[in-house]
Amino acid sequence: MDLELLRSSLSSKIDPIIEHYGTNNLASILVVIYGEDPIILMTEKPKHLKLHAGEISFPGGKFDPNDSDLLETALRETREEIGLRISKNQVTGQLEPVVTLNSGFTILPFVSIVDEITSLSANSEVEKILHIPLKSFLKTMADDPNPTHQRIQEMYTFEYQNKIIWGASARILKQIANRLNLWDSFKKSSSCLKIMAARKSSPRKIRLLKKTRQTSPVPAWIILRTKRTVRSNPKRRAWRSTDVEVG
């Protein structure tokens, strides 16, 4: 994963206006990615804040009437919160708006990918500035198991240094993973881990009762033994019972 791949995957038309947001307040954030081995910037909020206390999020904030649009909001808030000046022509694209679970905000995320950044300085709204290796961070993606978060569909979590990122920030990260085609890889690896865990818990083979079509070569780490093959169509194989061994 390099910056050119990221720029290609995350580039889009900039449209810094949300027309339909109901009774929610408008806000925007800036996703900043930098470095040869890409790093993503996030902030940890102080624990004394009324909203989002102690949470990890992106620099950004509420739309101000003096801002010309939501892009200016994101750039201004980033400058104020962490001392990073990003110009409009350094903004690569934007992602889909996300809605917060409890605080009533509709957030428009913008993306800036730069070769390097200047030294940063946090203001009173930021407890800590986090420089997170992007590739390994995105691999921590998981479904959010907290039942109180399920009022919004598709809730996810990410993890960094034993801290959980969830809610709107996690759904923004999920969009980045989607653009980089990492979600399918995550689901496949999760399925493999479940099979391996089941095998450890039981010495017996894992029996999968299914009917499936073989459209691609079977991976080397799966051994398929067919109990019954339907040969009426030589291009299609169907199994009534398939044993899977993980090696």
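Label reach from V114 (point 7 Å along Cα→C-beta): in the stretch 25-58, amide nitrogens under 12 Å belong to 31-35, 41.
Translational diffusion coefficient of the stretch 1-134 at 20 °C, 1.002 mPa s, Stokes-Einstein with Kirkwood Rh over Cα pairs, in µm²/s as a whole number. Intermediate values should be presented prior to the final figure.
On the way: Rh = 15.1 Å.
Once the numbers are plugged in, D ends up at 142 µm²/s.
Note that the stretch 21-31 has calculated 3J(HN,Hα) couplings of 9, x, 8, 5, 7, 8, 8, 8, 9, 10, 8 Hz, one per residue in order, obtained from phi through the Karplus relation 6.51 cos²θ - 1.76 cosθ + 1.60 (θ = phi - 60°); glycine and proline are x. Comparing I132, G93, V31 along the charge dipole axis of the stretch 3-184, the residue lying farthest to the positive side is I132, per the Cβ-charge model. Sum up the charges of everything whose Cβ sits under 15 Å from the Cβ of E72, counting Lys and Arg as +1 and Asp and Glu as -1, but leave E72 out. Surrounding charge for E72 is -2. Quick one: which of K45/K174; K47/K163; K139/K174 span more than 18 angstrom between C-alpha atoms? Where the Cα-Cα span goes over 18 Å, the pairs concerned are K45/K174. Ordered by the count of other Cβ atoms within 10 Å of each Cβ, fewest first, L10, L5 give L5, L10.
Taking the number of Cβ atoms within 10 Å of each Cβ as an exposure proxy, the fewest-first ranking of L101, L138, L130, L30 is L101, L130, L138, L30.
A cut-off of 5 Å between modelled amide H atoms, ignoring neighbours fewer than 5 places along the same chain, links I29 with L108, F110.
So for the stretch 51-175, averaging the separation of alpha carbon pairs under 8 Å that are six or more residues apart and normalising by length, what relative contact order in percent results? Before the final figure, lay out each step's value.
Details: 163 pairs, mean separation 27.2, N = 125.
Computed value for the stretch 51-175: 22 percent relative contact order.
DSSP beta bridges fully contained in the stretch 3-184 are about 70 percent antiparallel. Taking the stretch 112-130 and a reference point 7 angstrom along Cα→Cβ of S87, the backbone N atoms nearer than 18 Å belong to 112-119. Ranked for footprinting exposure by Cβ neighbours inside 10 Å, fewest first, K139, K47, K13 give K13, K47, K139.
Computed from the coordinates by the stated procedures, all read-outs in this text should not be read as laboratory data. This one's a predicted model, so the numbers in the text were calculated from it and none came from an experiment. Virtual Cβ from ideal backbone geometry, glycine too; neighbours counted across all protein chains shown.
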